[in-house]
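The values are calculated or read from the model by the stated rules, or taken from the named source; none is laboratory data. The shown structure was predicted, so the numbers you read here are calculated from the model rather than taken from an experiment. Using ideal geometry, Cβ is built from the backbone for each residue, glycine included, and neighbour counts are taken over all protein chains shown. Only protein heavy atoms, including side chains, enter the accessible area calculation; ligands, DNA and RNA are left aside. Shrake-Rupley method; radii C 1.70, N 1.55, O 1.52, S 1.80 Å.
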Amino acid sequence: MSESAHFTIIPATPGYRIVYDGSDGLFVSEHVIAWRIETFEEEPGLHSTTTPITVEGEPGLNWAGLLSPDGSVSWAEAEFSSLEEANKAWADRRR
């Protein structure tokens, strides 16, 4: 990461929650209270990452995605209409 990183904290819209990968599949946990946006310079230009923040800080290492207020679940490469649908895809992914 570059020394010219810039951090912005934005309050989260109520209803977002962290989805974790547990031994029995995905489960919903903490509420997201804010988003941390980190912007930095790296070849070939400007990049940014967004991290959800809970009252306990950043999510644990086993966080898998986000539950949106509308009940959909998303992670980096996919979005699902429900936690049930996401759990099926997650189970297939683990095989």
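The single residue among 57, 45 that is within 15 Å of the chain's Cα centre (by Cα), at pLDDT below 95 and over 23 Å from residue 93 (Cβ atoms) turns out to be 57. When 41, 85, 58 are checked against the criterion of being among the acidic types (Asp, Glu) and touching a Pro at 6+ places or on another chain (Cβ under 8 Å), a single residue qualifies: 58. Going through (1) over 15 Å from residue 19 (Cβ atoms); (2) in contact (Cβ under 8 Å) with a residue 40 or more places away in the chain; (3) among the hydroxyl-bearing types (Ser, Thr, Tyr) one by one, residue 68 falls short only on (1).
For the criterion of being closer than 15 Å to residue 56 by Cα and in contact with a His (Cβ under 7 Å, 6 or more places away or on another chain), residue 17 passes. Sub-7 Å Cβ pairs linking a first residue in the range 4-33 that is under 20 Å from residue 78 (Cβ atoms) to a second residue that is of a type in the set (Lys, Arg) and part of a strand (DSSP E or B), at least 6 apart or interchain, are 28/17; 29/17; 32/17, ordered by first then second residue. Please verify whether residue 64 is of a type in the set (A, V, I, L, M), modelled with pLDDT under 95 and either open to solvent by 100 Å² or more (accessible area, probe 1.4 Å) or out of contact with any Leu (no Cβ under 9 Å at 6 or more places or on another chain) (or both), treating the condition exactly as stated. In short, no. The set of residues in the range 29-38 being among the β-branched types (Val, Ile, Thr) and in contact with a Phe, Trp or Tyr (Cβ under 8 Å, 6 or more places away or on another chain) consists of 32, 37.
Looking only at the range 72-86, how many residues end up being in a loop (DSSP other than H, G, I, E, B) and open to solvent by 30 Å² or more (accessible area, probe 1.4 Å)?
Looking only at the range 72-86, we keep the residues that are in a loop (DSSP other than H, G, I, E, B), and these are 72, 76-77, 81-82.
Imposing the further condition that a residue be open to solvent by 30 Å² or more (accessible area, probe 1.4 Å) reduces the set to 76-77, 81-82.
Matching residues across the range 72-86 total 4.
Restricted to strands (runs of 3 or more DSSP E) entirely inside the range 6-57, those with at least 2 residues that are open to solvent by less than 100 Å² (accessible area, probe 1.4 Å) and β-branched (Val, Ile, Thr) are 6-11, 17-22, 34-42, 45-53.
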